Structures are given as structure tokens and as C-alpha cells.
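Student: One structure, pasted below without further comment.
The values are calculated or read from the model by the stated rules, or taken from the named source; none is laboratory data. Given the structure is predicted, the values throughout are model-derived calculations rather than measurements. No Cβ is skipped: glycine too gets one built from the backbone with ideal geometry, and neighbour counts run over all protein chains shown.
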Amino acid sequence: MIFRNITLKAWRNFLGETSVGPFSDGLNIIYGPNGTGKSTLFEALQFAMLNPFKSSGKDMDTIQPWGRSLTPSVTVEFACKDDSYQISKTFLSGCACEVRRFENGNWQPYKDGSSAHEFVREMISKEAPGRGLAKQEHWGLAQILWAPQGNMQLPSLSGSMVEDIRRALGVQVTDSSSGPFEKRIEEFYSQYYTDNSKEKKDFPLKRLRQELAEVEVRLAEIREENQKLENLSRKVEDLAGSRRQLEQHRKELDNAKSIKERQAEAYNKEKTGYEKAKSGKETAELRYNNASNGLSAVESLESKQNELKAKTEKNIPILNDLEKEVKNREKQEEEGKERRESIGKQLVDVDNAMKTANDAKEYLGKREALERFEAKIRAAEEYQNKIRESKEQLNALIAPTPKELKKIRKCRGELDALTIQLNASLIILEIEPEIELNLKVEAGELEGKSSIKPGSKALIKGSPRIIAQISGVGRLSASGPAVDAQQLREELSGKQEEFDTLCAPFNTNDVNELETMQAGRDKLEKVTGEAIAKLEGILGDESLDDHKGRALRTLAEITQLNSRYPAWEKSPPDAGSLSMAAVEFKTKFEQAKTDAESALATATAALASAREQYIALNAENQTQLAQLDQTGRELTALLERKGKQELQKEKNEASIQWTSACAQFDVAEKNLAAYGMDPEEDLEGINRQINELNTQLDNKREEENITRGKLESIAAKGPYTLLCRLEEQKADIQAKITVEDTRMKAISLLKKTMSSIKEAMVQTISQPVQKAASRTLARIAGSGLGAIAVSDSFYPIGVQPPVINHSITLEDVSGGEKEQVYFATRLALAEILAGRERQAVVMDDVLTATDMGRFVRIQRILEELAQKIQIIILTCHKEKYLGMKNAAYFDLESIIGDDART
Amino acid sequence: MKFLHTADWQIGMKALHLGAAGQRVREERLAAARRVVALANDRDAEFMLVAGDTFEDNGVERILIQKTADILREFKGPVYIIPGNHDPLVPGSVWEHPSWASTANLHILKEPEPVEVPGGLLFPCPIMEKHSNANPAGWINAGGKKEICIGLAHGTVEGLPLDDPDFPIPRNAPAAGGLDYLALGHWHSTAPYKDNQGKETMAYAGTHETTRSGERDSGNALLVEITGRGAAPRLEILHTGGLQWLPLIERNLDNPDSLDRVKKEIELLEACDTSIIQVKLSGFLYEGHQEKIDHLADILKSRFLHHQLDISGLTPTPDDDRWISSLPEGVIQKTARTLAEEWKSGGETSGVAREAIMQLFRLSREVQT
């Protein structure tokens, strides 16, 4: 559809009839300043082609010229497919609609009223909503082709529009009948899955699985219960088996007990006989023993009596011999004692000889010691004299000590150094004249006048300068380093004074002389030191008086020994010979003493032995005599009642009785031994076993009863029946799960398959739009923005700049770029729609945010597009569109003229 | 001598995959037991023999023991019962329940020793454990007896298909033990065994109430009559079962009319609330079949005690994709075709794809109506 002309009357600011056109098939620019009615023109076009003519209300009232009750009307002439039409609509009070078709060179009425309105509206939009026609989403084709004032943004395209575009692209995704299917599938899917394709929390399968899990838990419990039932059954069986074994064992023990009891009875009988025989035997034995003992006692006493008599008789001669022996031994002991005493008296002589020998040795020793003392005292006295003389010499000697000398030397050195420094600080002028000169020293050490003869020298010194006036020659002046010579002189004078003071005690200040004096002092001190060392070596730690005292004491001791041994004073004793003689004498004495004591000891021992033997034998003899006497009395007493023959007879009779009792006992013992152990003991053991067994049996029975109780308690619940019911329940749930699981998977597969197919198809159909729009955008804005991403309903949703990997939304691009994206998309869609029929694009003052550079490119694009599409641009910026190729320009202001305007 | 031989009541039996009908199946076993006792009374049996497995397990709820004892008490003569491998004579077993001792005509035979019964001697072989490789009737030696001698045992007659011996009983057990008749339990189908002379001297009475679908010759008891020592026993099968476990109806739908035939077949079955039916359909789901299947499910539900309708083997026919063509063009149609291809690929997700097609198929019906 393209437009040829538009005429409006009594429409807002258009009072009179105003017609704009005829429009070219290509580019049309309608321009005029603000307020001339460009947007009113756009509005009138919309009302003519889309809005119902019977509309009323506030919105409708606004289209009336202000303050006038006129009837707004619009007529649009357009071409669709191969026909030309004219639609005229009158609104408000004169509402009417008429469509005329150009036939045979004239406009012929074609349709009127609502059918005329529907006829035209359906050319643009298939949808006819009852309300809200003014909204863009109900504009149909015009949603894409018409851009209202300043708004290039595309509205959401209606379903039929999208389908129209798809059809134009030759792709069938769904038709109108698909909707309910998709909706139903979505509904079906949403029963089980969330929007995120997750299984819903309350979906049936989950509930079934939950039920199954619960049943399985209960089943596990019941199976465990059944298993417990079986286990307890086995345990009861085992316990019963054990109990039966124990009962059998006790039965056997009862039998054994019965047998043993019978054995015990017989045994006891035998045992009684045995005890009786034993008692008879013991009685007979006792009687025999008594008889035997009585006879034995008589015989024993007789024997003892005889024996004692023999012994006493034998002892008498022996006792006599022993008495003689004792006397001999007593005599021998006496002789030994006398000899020992005789030898003992020689001990004084031995001691004297030994003392003389020792004294002689001591005497000689003391004399030698006295001589040593005297020699030492003499030497000491000699050294004492030497020391005293040396010290006297030293005291008389005047010489510096090494310390004093060192100090003098140091002072001398410093004095010399100061002298050198002083000399160095002076300016020295030496004058050696050839003729006599008169010299006047004006500045220097020796100021004043003097004369200098030829051949002599004059030395002028001074500091810091010297000035000398030489008559006939001139005035000489010399200056030198700025050293304070005066200070040096003062220091030199002080040092000289110190030096003199140090040397004064020695009457010389010649250092060499002083050194010689000091060497003499050293030598004398050395001699004194050596003498003192010698003296100390002789005396040690003691004094000379100590030595002298000791010599006097030794002399006194020698004198004492001389008084004891006067001969020794003239002739000193031979200490060795005296000592040897004394030792020999002593040795002989001790040997004799030892021999005498040994002989005495032997005699004493022999005497003691003899005495002991005598006493012992005598005592034994006395005892035997006493025993003999006692035995005689006992024998008399024994034989007092029965004689020996009678006793013998009694013994013989008792012997016969005892032998008989022994025989009877042997028989009884043999009979008893035949039983082995005492059956009573066995019986006791059996009873213990029975008691133990009874305890075990009681325990076993109790355990069996307890276990049986548990068993019956579980059996009473009928666990198998519960198991059956649960397994049946489980089987039913599992069957439902299988069905439900397959159903869910099927629903999921159905939905996913549908979605993926749809996605693939949408991708296929949106690509041409995307491609064309992206190409246009690139021409306008360059490749920086990249491709335009278009939704399945052909709505631009973003751009994909090549520098980044993802798309960005249109919210993130500039206003101008956003406008250009919408422009490019609209043109792409229009181009596609124009594939079937030329279409008109109407733009009311759009692209206001686009800069001139890009606008120029847009112009080129519009020029190209105008070859396929009719383009009507309403603008207040005429200058922007000037010079466009093949463009038809309409000056709205001049068209309207004064008459048509309010 | 005339007695009723029954076995394998398995009171308290598990009934898996029967849903709410499981309880009914258990109750029917007690009802069948009442019928056994009633028949024994009606046919003037002198005594009853119960050859083991009276109960499914020793852990069944105790009220069932009482109920069973009450039922048996209604028999006018003595009842001789041996424990079987399901309810062996062990501590805590059902046989310790006081209801047995309180009823004079009930005799739980706990020892393998001859017992006098009306008209002869009974050699019982009680089972004391769940598994054994020993012949339970091996101890019987009635060769020298003059009175009619019968045995009561629970085990597997040699020759029956088993991997491991399970209380094996030789085929010649009656002859070897000198018995006129050996009443057996353990196997659920009624089965008499003839000796060399053609006399039916040994038989399984079979369970008195069928336990599962496909169980042959079950739901019976045997009335046995022996006129004298060495005489051939006369066996009469008495039907005692109450439930009908109908054979599995497994059909392949290979043309659009197949489902109608299946429906007709089911409608022709004698329906009652004692029948349990299983229907398994495979093949293709043709146009309009979904509604028919729903209808078929309604029929099964209303006419039978319990039904199982397995249609997991059904898929929309690959040759007839008219229903796909009827779907909206574009995404929906393409989705249907993609799923169909996945299903036909037979891959890992083929089963889920089949179900997804079924879902879409149902949706298409729902939306289009």
C-alpha cells in the first residue's frame, strides 16, 4: 500500500479543507515549521486508515478545531495491490466512512460504514481489538511502517504482524492453530516442571518416590522383623536342643546316682566290719604290746644292771692311772714356770744394752748436728756483715734511681724539642759584611745598635719579623711564619726550670753522668740483693738466733750424755758395734723366753687333759653306780607283782590273739579295698553334678522361655502379613512410578523437542531481518556496533559489537545509536514486507538524535530504499532533507495557506 | 475309608500387582477353605487330610490362624494336618497357636509316627524346615500292616522340573512304604500318580484356590475312597476355587479393526467380580483407537474383579501419519515428526519418544475437539 494524497478538514488547526499530495511512489518530504500540522497530518492518516469512525470521547474531542463544533473529516487516497482507493471518514457528530475505488477513470463508491472501515483496516492489520486502537501494538503493518513524531522505537509487534512478516519471509513456524497446542503442551509441562526445567516439588512422581521410600523403610523394618522371627525360632530350637541334651545328661546322672547309692550301702556294711576288725586288731596288738613291754622292761633292766656292773668294775684301774698322770703333769708345769721366771730376769740387761746402743747413736748424731749448726751460724754472720756494708755504701751513694733518671731523660727530650721549635719559629738574618757596618736592629730579639766587622757574622733573630737598619746599605725587613715565639720561649723557660729541679739533688745536669751514677747504684744494689738471698738460703724461715738457740740445746744434750758415759767425751762410742751386740743379746733372750713359755704351755695343757679325763671318768663311774642302784630298785619293783616266767606266758598268749585279729582285719580290708574309692564320695560328686546340671537346666529353660516369649511376641504381630501388604503396596507404587516416570520423560521430551525446533526455526526466520538491519546499521554507524540481535518477534533486542563476545542491550547504547538501530530494523522489516507489495513508510520528525554525518548516510539509504518503498517524511528541518535525489517536497505551510488555518 | 485330601491353602498369601484386589484374593482363600470343609461334610468324608502349606508363612497374622482353625472345626470328623515347607514346624510357628489345642477334631501331626485314623493307619511326614534334600516319606514302612495304610506328605515327586531337590518323593513312594495311598501337597495343580498296576496310589490335591494366572488344574480338593487294604483308591476331584484367573489376552493390533475384535472378545467373556483378567496390547494405534482403548479400560474395570491393561506396546502407526498432518503446520508438526523418527530409530530414548508421541496424539485429540 502506498499513499497518493491526504485531505483533511476541520481537524485541529486545519479548519478548511487541506490536501497534501500527490505523493510520489518514492521519497516525499513534507516540511513546515513547528505548529503547521505535520503531526496532525500523521494523526489524520492514522484515523483514516485504522481508527473506527464511530469513536467518541475525550480523545476524539481533541481533534476538533479548538472552540469549534465542526465535524472533522479526512480523505486518504491510496493504492493497494493493483487498485486505487479513496477512504473518507467523518468523525464525531457526522460520523461516516466510505471507500471508493477508482474504476474506469472515476471514483466509484465501493464500501461504506463499518465494512468500509474494516476493509481498509484489514489491509494494514488483521487484528481488530475492541479498544485501544490508538495504541501502536494494534496498528498492524503500520507498527513497522509508521513512526510517530520523534519516536523511532518499534512497538512490540502483534502476533499477526509477526506472522505476516514470517509469511513474507516464506517461513511457517506456527499458524494460529498452533497456539492452543503450544499452550497446552506448556501447561502440561508446567504441571511437572518449573520454569527452570526442574522437577516440581509437588509433582506426582516425587510424591510416589516419597511413598516408595517410606514403604521401603517400613519394608526393611518388617523384613528385619521377619528375619528376627526366623532367628528367634532357630534360637528357641537350639535352646530346646541344648535343654534336651542337658535333660538327657541329668537322666544319665540320676541313673548313676541310683547305682552309686546301692554301692554305698554295701560299702558302708563292709566298712563297719572293717572298723570292727580293725578295732579287734588294735586291742590285741595293745595287749600284746603291754605283755611284751612288761617282759622287755624286766629283761632290759636286768641287762642294764649287768652292763653297769661291768662298766664300774672296769673303771677303777683306769681312775687310778689317771690320778698318777695328773700328779706328774702338775710337777712338769711347776718346772716350766720356774724356768720362765729365770729367763725373764735377763730382760733388764737386754734393755740396758739396747739403750746404750741407742744413746751412742744419738750422741754421735747430736755431735754432728752441733757441728752443722755452728758452720751455718758462721756463714750467716759473714753474709750479715756483707749486707750491712753494702747498705752503708748505698746510703752514702748520691745517684738517681731508674725512675728519676727516666723522668730527667724525658724532660731533657722535651726541652730539646722546644728549643728546636723556638729556633724554627725565628726569622734569622745572617750578615757577613765585607766592610764594617753599623747595624741597628729595630725589631728582633736583640734590638739596638751594633756594628759588624768584616769577616764576622751577625745573626739577627726575631719573630714575627725582624727589621734592621744597616747604615750605608739600607733598612732590611723580614717577616716569617706567624708562630708565637714568645710563647715558645716561655714554655722553654718553664721546661728548663723543671729540668734543673730534677737534676739538682745530683749536683749535675749532665744526663750521661747521671746515667753512670745510676749504673753504680744498680751494681751495689745487686751485690746487696745477692747477699740477702744467700743469707735467706742459709737461715730459711728462721732467724739466726733460732739457729743459735738450737745449737746451744744440742750442746746441752751432748753434755748430759757425756756425764752418763764419761768415756765417750774422750773417745766417741762405736754405735754400730754397740747396736749389733745389743740386738744379738736381745734375740737370744727372746728365743729362750719363747722356748720356756712353750714348754710351760705344753705342761699346762697336759695337766688339764689329765685332770679332765680323770674328772670325766670319775663322774661317769659315779653316775653308773647311781644307775646301778636305781636299776636294782626298778627291777625289784617290776618283779614284785609277777615273776618273769609269768610275764613270758602272758606275752605268748597275747601274741596268738593278735595274730588272729590281724588275719580278720586283712580279710575285712581286702573286702573294702575291692570297692576302690568310697562310693559315698562318688555319690557326692554325682550330686554336685546333678545340682550343677539342674542350675544349667533352669537357666536354659529360663532363656528358652524368654526367647520363646520374644518369638511369640513378634509372631503375634503377623509380620509376614504386614510384609505382604507392604510388598503389594510397593509393587503398586513402582508400577505407578514406571508409568509416571515415562510420562514425565515423555512430556519433557515433547516440550524440549518442540522448543528446540521452534528455536531453530525462529533462528532461521529472524536471520534475514537481522542481516538486513545489521547491514543498514553498519552503513550508518560503521561496523563498531556490530550485528543487531533480533528476537523471534523481530524486535531488536541488542547489538553484538565485534570487540566483545557477547551482545549488549539497547539500554547500553547512546540515544542516537538506539534510534539508528530501530531505524535500521524498521527499514529491514519494511523491505521484507515490500517484497510482496510496495509499502509506504511514514516518519514524523524522527532521527532527531542522529548527528549530521550519520544523517547524510541515512539520506543515501533512504534514496536507495525509495526505489522499492514509498517514503513520506514529515519534518520541521527542511534543510536536513534538501537535495535528496528524486524527492518530492511539500511545503505544508504554503499548502495550508491562511484560509485553512485556524 | 473315605476322606478328603486337600493342601496348599496358603492362607495369608501375597498378591502382588493386584492393587486393591489383593485383599479380596486373600479373603477368597478362606472362602475356598470353607467350601472344602462344606464339601467334606456333604460327601460324608470320615476325616480330612491337609498336606502342608496351610499357611503362606509362619509369620502370618494370628487372626488368620484362628479363622482357619474355626473353618476346620466345622468339619464333623477329625482333621489331620501336617506342617509344610511354607509353615514348617519350628518354634514360633503357626502350629503353636492355642486355637489348635482348643479344638478336639484338629490334629497337628508333629512326629513321623503312625496315627490311627478311622478305618486305618496314617503315616504323617511333618516338615520341620523350609528346605531339605531328604525324602520326607522315607521313614514309612507299613508293609506288614493289615489295615489300610495311607501317608500324608509334602514335597516334590521326582520327575517334576526343579533345579535342586526339594523334599524329593520317589515315584514309587507308596509301594516302597507299603501305603495304599500317599496324599501329597506342595504343587498347586491337581495331579494323581498311578503305580505299576495302574492304581492311583499317590496324588497332589492341588491348591484349593488358584494362586495366579496360568496355574493349571488348580482350585480343587480330592475325595478319596479306599475299600480295603490293597484296593485301588478312587479319586474324585472336587472344585473348590472361587476366583477365575483368566488366561492372559495378548493381542497385536495390526489393522484398524483389530481393537474392535479384542473388545468383542472381552465382551464375550463371562464377567463377574470373581475374575481377574490381564490384557496386553501391542502394535499400532490407528485413527480413533485412543478413545476405544479408553472405552475398553472402562469395560474391564466395570466387569472384572481386577484387570491389567498393558498398552505400552502400542504406538501410532508409522504408515498412517494423517494425524500428524492434521496437526498445525510448523513447530507442532515438525515436533511430531521428529519424535516419530526418534521412536522408529529404536534408540535408547525410543520408548520415551513413543510415549511423547502418545502424549502429543492425545493432546491433538483434546485440542482439536
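Student: If you take the residues of segment A:287-324 that are among the acidic types (Asp, Glu) and either surrounded by 17 or more Cβ atoms within 10 Å (Cβ to Cβ) or in contact with a Lys or Arg (Cβ under 9 Å, 6 or more places away or on another chain) (or both), which of them is farthest from A:LEU625 (Cα to Cα)?
Tutor: Initially, segment A:287-324 is screened for residues among the acidic types (Asp, Glu), giving A:299, A:302, A:307, A:313, A:321, A:323.
This time we only want the ones that are either surrounded by 17 or more Cβ atoms within 10 Å (Cβ to Cβ) or in contact with a Lys or Arg (Cβ under 9 Å, 6 or more places away or on another chain) (or both), so: A:299, A:302.
On the way: A:GLU299: 19, A:GLU302: 15 Å.
By that ranking, first place goes to A:GLU299.
Student: Which pairs do you get when a residue that is within 8 Å of chain B (Cβ to nearest Cβ) and surrounded by fewer than 20 Cβ atoms within 10 Å (Cβ to Cβ), found in segment A:722-748, comes within reach of a residue that is assigned to a helix (DSSP H, G or I) and not hydrophobic (A, V, I, L, M, F, W, C), reach meaning Cβ atoms under 6 angstrom, with the pair 6+ apart or on two chains?
Tutor: Note: pairs meeting the criteria are A:THR742/B:GLU355.
Student: Could you say which residue among A:ALA264, A:ALA277, A:ALA213 is among the aliphatic types (A, V, I, L, M), without any contact (Cβ under 8 Å) to a residue 12 or more places away in the chain and more than 14 Å from every other protein chain (Cβ to nearest Cβ)? Please lay out each step first, then the result.
Tutor: Details: A:ALA264 fails: without any contact (Cβ under 8 Å) to a residue 12 or more places away in the chain; A:ALA277 fails: without any contact (Cβ under 8 Å) to a residue 12 or more places away in the chain.
On inspection, the qualifying residue turns out to be A:ALA213.
Student: Going by the structure shown, is A:GLU186 touching a Lys or Arg at 6+ places or on another chain (Cβ under 9 Å), at pLDDT below 90 and within 13 Å of chain B (Cβ to nearest Cβ)?
Tutor: Values: touching a Lys or Arg at 6+ places or on another chain (Cβ under 9 Å): yes; at pLDDT below 90: yes; within 13 Å of chain B (Cβ to nearest Cβ): yes.
So A:GLU186 fits the description; yes.
Student: Looking at (1) under 16 Å from B:ASP8 (Cβ atoms); (2) modelled with pLDDT under 95, which one does B:SER102 not meet, given that it meets all the others?
Tutor: Going through (1) under 16 Å from B:ASP8 (Cβ atoms); (2) modelled with pLDDT under 95 one by one, B:SER102 breaks only (1).
Student: Something else now. When segment A:300-327 is examined, which residues are found to be closer than 29 Å to A:LEU638 by Cα and without any contact (Cβ under 8 Å) to a residue 40 or more places away in the chain?
Tutor: The answer is A:SER300, A:SER303, A:ASN306, A:GLU307, A:ALA310, A:GLU313, A:LYS314.
Student: Identify, from the list B:LYS130, B:LYS145, B:LYS76, B:LYS67, the residue that is within 24 Å of A:GLU704 (Cβ to Cβ), surrounded by fewer than 22 Cβ atoms within 10 Å (Cβ to Cβ) and of a type in the set (Lys, Arg).
Tutor: B:LYS130
Student: State all residues of segment A:182-206 that are without any contact (Cβ under 8 Å) to a residue 60 or more places away in the chain and more than 22 Å from B:THR335 (Cα to Cα); if no residue qualifies, say none.
Tutor: Listed by number, the residues that qualify are A:LYS200, A:LYS201, A:ASP202, A:LYS206.
Student: Regarding A:GLN469, is this residue in contact (Cβ under 8 Å) with a residue 24 or more places away in the chain, surrounded by 13 or more Cβ atoms within 10 Å (Cβ to Cβ), closer than 22 Å to A:LEU397 by Cβ and not small (Gly, Ala, Ser)? Lay out the reasoning, then the answer.
Tutor: Numbers: in contact (Cβ under 8 Å) with a residue 24 or more places away in the chain: yes; surrounded by 13 or more Cβ atoms within 10 Å (Cβ to Cβ): yes; closer than 22 Å to A:LEU397 by Cβ: no; not small (Gly, Ala, Ser): yes.
Here the answer is no, as A:GLN469 does not meet what is asked.
Student: Could you check B:ARG62 against (1) under 30 Å from A:LEU239 (Cα atoms); (2) of a type outside the set (Gly, Ala, Ser); (3) at the interface with another protein chain (Cβ under 9 Å from one of its Cβ atoms); (4) surrounded by 22 or more Cβ atoms within 10 Å (Cβ to Cβ) and say which number it fails?
Tutor: (4)
Student: Please work out which residue is farthest from B:ALA69 (Cα to Cα), limiting yourself to segment B:11-23 and to residues that are more than 7 Å from chain A (Cβ to nearest Cβ) and surrounded by fewer than 19 Cβ atoms within 10 Å (Cβ to Cβ).
Tutor: Among them, the one singled out is B:ALA20.
Student: Within segment A:448-464, which residues are surrounded by 11 or more Cβ atoms within 10 Å (Cβ to Cβ), more than 15 Å from A:LEU476 (Cα to Cα) and charged (D, E, K, R)?
Tutor: A:LYS453, the sole residue that qualifies.
Student: Right, next: Would you mind stating whether A:PHE14 is closer than 29 Å to A:GLU879 by Cβ, among the aromatic types (Phe, Trp, Tyr), in contact (Cβ under 8 Å) with a residue 24 or more places away in the chain and crowded, with 20+ Cβ neighbours inside 10 Å? Spell out the reasoning first.
Tutor: Values: closer than 29 Å to A:GLU879 by Cβ: yes; among the aromatic types (Phe, Trp, Tyr): yes; in contact (Cβ under 8 Å) with a residue 24 or more places away in the chain: yes; crowded, with 20+ Cβ neighbours inside 10 Å: yes.
Here the answer is yes, as A:PHE14 does meet what is asked.
Student: Within 12 Å of chain A (Cβ to nearest Cβ), over 19 Å from B:ASP260 (Cβ atoms) and without any contact (Cβ under 8 Å) to a residue 60 or more places away in the chain: does that describe B:SER345? I'd like the intermediate steps shown before the answer.
Tutor: Details: within 12 Å of chain A (Cβ to nearest Cβ): no; over 19 Å from B:ASP260 (Cβ atoms): yes; without any contact (Cβ under 8 Å) to a residue 60 or more places away in the chain: yes.
Taking the combined requirement at face value, the residue does not satisfy it.
Student: Shifting gears a bit: Being crowded, with 24+ Cβ neighbours inside 10 Å and either more than 23 Å from the chain's Cα centre (by Cα) or of a type in the set (Lys, Arg) (or both): is that true of B:ALA51 here?
Tutor: Working: crowded, with 24+ Cβ neighbours inside 10 Å: yes; either more than 23 Å from the chain's Cα centre (by Cα) or of a type in the set (Lys, Arg) (or both): no.
Answer is no for this residue.
Student: Here's something else I'd like to know. Report the residue count in segment A:472-486 for those that are farther than 22 Å from A:LEU418 by Cβ and surrounded by 15 or more Cβ atoms within 10 Å (Cβ to Cβ).
Tutor: Step one: list which residues in segment A:472-486 are farther than 22 Å from A:LEU418 by Cβ, which gives A:472-479.
Pick out the ones that are also surrounded by 15 or more Cβ atoms within 10 Å (Cβ to Cβ) and you get A:476, A:478.
Residues meeting the conditions: 2.
Student: State yes or no: is A:LYS269 exposed (fewer than 13 other Cβ atoms within 10 Å of the Cβ) and either modelled with pLDDT under 90 or basic (Lys, Arg) (or both)?
Tutor: Values: exposed (fewer than 13 other Cβ atoms within 10 Å of the Cβ): yes; either modelled with pLDDT under 90 or basic (Lys, Arg) (or both): yes.
When the stated conditions are applied, A:LYS269 passes them.
Student: Given A:MET754, A:MET761, which one is more than 27 Å from B:SER312 (Cα to Cα), of a type outside the set (Phe, Trp, Tyr), in a helix (DSSP H, G or I) and facing chain B (nearest Cβ under 9 Å)?
Tutor: Working: A:MET754 fails: more than 27 Å from B:SER312 (Cα to Cα).
Of A:MET754, A:MET761, the one residue that is more than 27 Å from B:SER312 (Cα to Cα), of a type outside the set (Phe, Trp, Tyr), in a helix (DSSP H, G or I) and facing chain B (nearest Cβ under 9 Å) is A:MET761.
Student: If B:THR315 meets every condition in (1) touching a residue at least 24 places away in the same chain (Cβ under 8 Å); (2) closer than 24 Å to A:GLU740 by Cβ; (3) within 11 Å of another protein chain (Cβ to nearest Cβ); (4) touching a helix residue (DSSP H, G or I) at 6+ places or on another chain (Cβ under 6 Å) apart from one, which number is that one?
Tutor: (3)
Student: Can you name the residue in segment A:773-824 that is among the aromatic types (Phe, Trp, Tyr) and modelled with pLDDT under 85 and is also farthest from the chain's Cα centre (by Cα) among such residues?
Tutor: Looking only at segment A:773-824, we keep the residues that are among the aromatic types (Phe, Trp, Tyr), and these are A:794-795, A:822-823.
From the residues that got through so far, the ones that are modelled with pLDDT under 85 too are A:794-795.
On the way: A:PHE794: 64, A:TYR795: 62 Å.
Checking each candidate, the answer is A:PHE794.
Student: If the requirement is being of a type in the set (Gly, Ala, Ser), assigned to a helix (DSSP H, G or I) and loosely packed, with under 13 Cβ neighbours inside 10 Å, which of these qualifies: A:GLY549, A:GLY537?
Tutor: Values: A:GLY549 fails: loosely packed, with under 13 Cβ neighbours inside 10 Å.
Result: A:GLY537 is the single residue among A:GLY549, A:GLY537 that is of a type in the set (Gly, Ala, Ser), assigned to a helix (DSSP H, G or I) and loosely packed, with under 13 Cβ neighbours inside 10 Å.
Student: Hey, does segment A:574-586 have a residue that's outside any helix (DSSP H, G or I) and more than 30 Å from A:PRO317 (Cα to Cα)? Walk me through how you get there before you give the answer.
Tutor: Start the filter on segment A:574-586 by keeping residues that are outside any helix (DSSP H, G or I), which leaves A:574.
From what is left, the residues that are more than 30 Å from A:PRO317 (Cα to Cα) are A:574.
There is at least one residue in segment A:574-586 that is outside any helix (DSSP H, G or I) and more than 30 Å from A:PRO317 (Cα to Cα).
Student: Suppose the filter is surrounded by fewer than 19 Cβ atoms within 10 Å (Cβ to Cβ), modelled with pLDDT of 80 or more and within 12 Å of another protein chain (Cβ to nearest Cβ); does B:ARG337 pass it?
Tutor: On the way: surrounded by fewer than 19 Cβ atoms within 10 Å (Cβ to Cβ): yes; modelled with pLDDT of 80 or more: yes; within 12 Å of another protein chain (Cβ to nearest Cβ): yes.
Here the answer is yes, as B:ARG337 does meet what is asked.
Student: Something else: Could you tell me how many of the residues in segment A:85-112 are closer than 22 Å to A:LEU70 by Cβ and of a type outside the set (S, T, N, Q)? Let's see the steps before the verdict.
Tutor: Keep residues of segment A:85-112 that are closer than 22 Å to A:LEU70 by Cβ, which gives A:86-98, A:112.
Cutting the leftovers down to of a type outside the set (S, T, N, Q) gives us A:87, A:89, A:91-92, A:94-98, A:112.
Matching residues across segment A:85-112 total 10.
Student: Show the residue pairs that are 6+ apart or on different chains and have beta-carbon atoms under 7 Å apart, the first residue being within segment A:508-531 and under 21 Å from A:GLN384 (Cβ atoms), the second being not in a helix (DSSP H, G or I).
Tutor: Every condition considered, the pairs that remain are A:LEU524/A:LEU397.
Student: If you scan segment B:24-45, which residues turn out to be of a type in the set (Gly, Ala, Ser) and either at the interface with chain A (Cβ under 10 Å from one of its Cβ atoms) or exposed (fewer than 15 other Cβ atoms within 10 Å of the Cβ) (or both)? Give the derivation first.
Tutor: We begin by selecting, within segment B:24-45, every residue of a type in the set (Gly, Ala, Ser); these are B:31-33, B:38, B:40, B:45.
Once the filter is applied, which keeps residues that are of a type in the set (Gly, Ala, Ser) and either at the interface with chain A (Cβ under 10 Å from one of its Cβ atoms) or exposed (fewer than 15 other Cβ atoms within 10 Å of the Cβ) (or both), segment B:24-45 yields only B:ALA38.
Student: Taking the stated definitions as given, is A:GLY709 within 30 Å of A:ARG243 (Cβ to Cβ), without any contact (Cβ under 8 Å) to a residue 24 or more places away in the chain and facing chain B (nearest Cβ under 7 Å)?
Tutor: Working: within 30 Å of A:ARG243 (Cβ to Cβ): yes; without any contact (Cβ under 8 Å) to a residue 24 or more places away in the chain: yes; facing chain B (nearest Cβ under 7 Å): no.
So A:GLY709 fails the test.
Student: Kindly indicate whether B:LEU327 is within 11 Å of chain A (Cβ to nearest Cβ), aliphatic (A, V, I, L, M) and not in a helix (DSSP H, G or I). Walk me through it before giving the result.
Tutor: Working: within 11 Å of chain A (Cβ to nearest Cβ): yes; aliphatic (A, V, I, L, M): yes; not in a helix (DSSP H, G or I): yes.
Answer is yes for this residue.
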